[in-house]
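Take a look at the structure below.
The values are calculated or read from the model by the stated rules, or taken from the named source; none is laboratory data. Remember, predicted model here, so these are calculated numbers, not experimental data. All Cβ positions, even for glycine, are placed from backbone atoms using ideal geometry, and neighbour counts span all protein chains on display. With ligands, DNA and RNA removed, areas are computed over all heavy atoms of the protein, side chains included. Shrake-Rupley method; radii C 1.70, N 1.55, O 1.52, S 1.80 Å.
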Amino acid sequence: MTRFHQARPWRAVIAAAAAITVTAGVVAAAPDAETQAQPTPKLSLIAASTSVTLDSWKEDPGVYLDLGTYVTAENGPLELKVTRKSYKDPVVATQVIREGTRTRTRTLPQGLVKDFAGLPDFAKVTITDAKGRKVMDKLEAFCPNNASGRVRPDAPAKSKYPESCPVNPFTLGSVWGVENGWASNTYAGYYSAPVALPAGKYTAKVSVTKRYRDLFGMENKPRTIKVTVRERSYDDEGPGAGSAAAMRHGAQGSHGAQGGSQGSHAAGGHSGHGAMRAPAPAAATSGAGPSYNVGHGPYTPAPPALPWSLKKAAPRAAPVGDAAGQTDGSRKAPAVKPAAKRPTGTPTVPNVPKPDLRSLPAYGITISKGQGNTARKDYLAFSANVWNAGPAQLVVDGFRTPGKELMDAYQYFYDANGKQVGYTPTGTMEWDPRPGHEHWHFTDFASYRLLKADKKESVRSGKEAFCLANTDAVDYTVKNANWHPGNTDLSTACGQESSISVREVLDVGSGDTYTQDLPGQSFDISNLPNGTYYIQVLANPEKRLKETNLNNNSALRKVVLGGRAGARTVTVPAHDLVNAN
């Protein structure tokens, strides 16, 4: 089944160890004695530069307001734990305050944080033109995990915090943080749409809103940045400029025809290779730059990208192929290394921690039309995620017998010290030669069914084989959650046609999103009567994988089909407190 060219969310890469150049005098080389005496992290708003130049493209007008403003943390990190007990419960944010060997917490005001995308209405941006007339006022959310870097040389070399804020509507837990001695970009990325500013000179004033100044004890010190907006055209950039410009300012990320990151995938998912808006530009001082990982969602994703749920047109296709900072499956990226050889001896399933695979309710649900010989058919398309609640990784290696089309797959088990202590056969891996795939799929990882109102099966999706990747941070508060999973895209696990073995990993706290956007994978609803149905996402359907719990693998999402042939509709009721289709 050939995958349609779908739009995907692409995010900028964090240079974790990059130092941010700041205006002289804004941040001292090291905290003074008075600062060190303060019991909580000292947060400050800084500007990396007093002036920036922003581009607006004639073919794609709009300016991204990355003004180079950052929140710094001194005397300790800003750390927030964001959770919800269930989808029936509100999101709760708790600040974790570390004082030497002691740790204390405080709960942020109820209702302040409503989702996992960051602190809402954190920064206020006011723009005035050359004559001093106000042309724009807007509020920006702040993800502490945004593009970041050190502001002093003795700060930790790497930030321990994740590299984005999740936008999956069914996220359960997240950790946000600005590392001690680091600064995080206040720019909201694709959570904030580009703004219309004609070419010219402007002045931007950026400030932290009062409720956050009061909450975190921040000084009221707005930053002023001179802004030059220049209008450019793809035609003026020389040969190949259209492609290069499209990479910088391409069409808005989405699920293509069906509509929407990471996010997320954050918001991403396994969708096709095609048109999307490239990452919004980040200030040069942030260390952020473009990275394209088609097929499996974000790779080191910051600043945050567009949620999948937003439907945007995709008039231009960003180019695919391997190049500096760009890869169409990341074949240049390091792979997760499989075992050196096929396991021998008696298979055993030892009494050690195992993964716990769980399904999220379906989302990104829409009606799509078939193509080619299925053009007269109606399909129900959706995104689905299976995640690992831990406390152990899911590790599956595939080994190929020379000349055979399938790989034999094995699940591996490890003790508390990371030593391999057992393995068991767990099915097969198959090579998928279709354009947009061209990698090895682990069979029977999940299945999707459309159930009738009585919850009996009506239609089954044809998609059941996957290359596993950690595309979404579903709950980074569970035990042993890995905040920096290695295989976040196709590059790290899926192998090539000539591969003799591959390793696929689903880390603790992360999930793998796959969009059901193809005929044969999505549900054919052409002949189904209107009415109530349930989309079932079922992890480990054949129970071949060994888990801690096999009773939490299914998730249901209610949908109501309507309309008529050729013009079907779908209504998606809220799932408890989550009102996202």
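Hey, could you check the range 47-62 for residues that are more than 27 Å from the chain's Cα centre (by Cα) and not in a loop (DSSP other than H, G, I, E, B) and say which is farthest from residue 198 (Cα to Cα)?
51
Quick check on the range 202-214. Is at least one of its residues modelled with pLDDT of 95 or more, out of contact with any Asp or Glu (no Cβ under 8 Å at 6 or more places or on another chain) and among the acidic types (Asp, Glu)?
yes
Of all residues in the range 116-146, how many are outside any strand (DSSP E or B) and touching a Phe, Trp or Tyr at 6+ places or on another chain (Cβ under 8 Å)?
Count: 7.
Can you name the condition, by its number, that residue 127 falls short on among (1) under 24 Å from residue 219 (Cα atoms); (2) hydrophobic (A, V, I, L, M, F, W, C); (3) under 29 Å from the mean Cα position of the chain (by Cα); (4) modelled with pLDDT of 90 or more?
Unmet condition: (3).
Please find, within the range 103-157, the residue that is surrounded by the fewest Cβ atoms within 10 Å (Cβ to Cβ) out of those that are over 19 Å from residue 45 (Cβ atoms) and acidic (Asp, Glu).
154
Report the residue count in the range 361-396 for those that are open to solvent by 10 Å² or more (accessible area, probe 1.4 Å), of a type in the set (D, E, K, R) and in a strand (DSSP E or B).
The qualifying residues number 1.
Regarding residue 93, is this residue buried (at least 17 other Cβ atoms within 10 Å of the Cβ) and either assigned to a strand (DSSP E or B) or of a type in the set (Asp, Glu) (or both)?
Spelling it out, residue 93 is indeed buried (at least 17 other Cβ atoms within 10 Å of the Cβ) and either assigned to a strand (DSSP E or B) or of a type in the set (Asp, Glu) (or both).
Which condition breaks for residue 42 when tested against (1) over 19 Å from residue 122 (Cα atoms); (2) touching a helix residue (DSSP H, G or I) at 6+ places or on another chain (Cβ under 6 Å)?
Checking residue 42 against (1) over 19 Å from residue 122 (Cα atoms); (2) touching a helix residue (DSSP H, G or I) at 6+ places or on another chain (Cβ under 6 Å), the one that fails is (1).
Does the range 573-581 include one or more residues that are touching a helix residue (DSSP H, G or I) at 6+ places or on another chain (Cβ under 7 Å), at pLDDT below 95 and open to solvent by less than 60 Å² (accessible area, probe 1.4 Å)?
no
With the requirement that a residue be among the hydrophobic types (A, V, I, L, M, F, W, C), under 20 Å from the mean Cα position of the chain (by Cα) and farther than 19 Å from residue 48 by Cβ, what does the range 145-168 give you?
Scanning the range 145-168 gives 165, 167.
Taking the range 332-360, which residues are open to solvent by less than 30 Å² (accessible area, probe 1.4 Å) and out of contact with any strand residue (DSSP E or B) (no Cβ under 6 Å at 6 or more places or on another chain)?
Result: 333, 354, 356.
Among the residues of the range 494-512, which ones are buried (at least 19 other Cβ atoms within 10 Å of the Cβ) and within 19 Å of residue 430 (Cα to Cα)?
Residues satisfying the conditions are 494, 495, 501, 502, 503, 504, 505, 506, 512.
Tell me, which strands (runs of 3 or more DSSP E) lie completely within the range 521-581 with 2 or more residues that are within 24 Å of residue 376 (Cα to Cα) and small (Gly, Ala, Ser)?
Ranges flagged: 554-564.
How about the range 461-475: which of its residues are of a type in the set (Gly, Ala, Ser) and modelled with pLDDT under 80?
Within the range 461-475, 461, 462, 465 qualify.
Just give me the residues in the range 202-220 being open to solvent by less than 30 Å² (accessible area, probe 1.4 Å) and of a type in the set (Gly, Ala, Ser), in sequence order.
204, 207
Hey, does the range 493-505 have a residue that's acidic (Asp, Glu), modelled with pLDDT under 90 and either within 30 Å of residue 458 (Cα to Cα) or in contact with a strand residue (DSSP E or B) (Cβ under 9 Å, 6 or more places away or on another chain) (or both)?
Scanning the range 493-505, I find at least one residue that is acidic (Asp, Glu), modelled with pLDDT under 90 and either within 30 Å of residue 458 (Cα to Cα) or in contact with a strand residue (DSSP E or B) (Cβ under 9 Å, 6 or more places away or on another chain) (or both), so the answer is yes.
Looking only at the range 63-90, which residues are over 30 Å from residue 51 (Cβ atoms), open to solvent by less than 20 Å² (accessible area, probe 1.4 Å) and not in a loop (DSSP other than H, G, I, E, B)?
The answer is 79, 80, 82.
Report whether or not residue 64 is touching a His at 6+ places or on another chain (Cβ under 9 Å) and closer than 19 Å to residue 577 by Cβ.
Spelling it out, it is not the case that residue 64 is touching a His at 6+ places or on another chain (Cβ under 9 Å) and closer than 19 Å to residue 577 by Cβ.
Looking only at the range 513-542, how many residues end up being open to solvent by less than 10 Å² (accessible area, probe 1.4 Å), of a type outside the set (Ser, Thr, Tyr) and within 26 Å of the chain's Cα centre (by Cα)?
9
For the range 427-460, enumerate the residues that are within 26 Å of residue 487 (Cα to Cα), at pLDDT below 80 and open to solvent by less than 40 Å² (accessible area, probe 1.4 Å).
432, 434, 436, 437, 439, 444
Step by step: first the residues of the range 164-184, then only those that are out of contact with any Pro (no Cβ under 7 Å at 6 or more places or on another chain) and among the polar types (S, T, N, Q), then the one that is surrounded by the most Cβ atoms within 10 Å (Cβ to Cβ). Which residue is that?
In this case the residue turns out to be 168.
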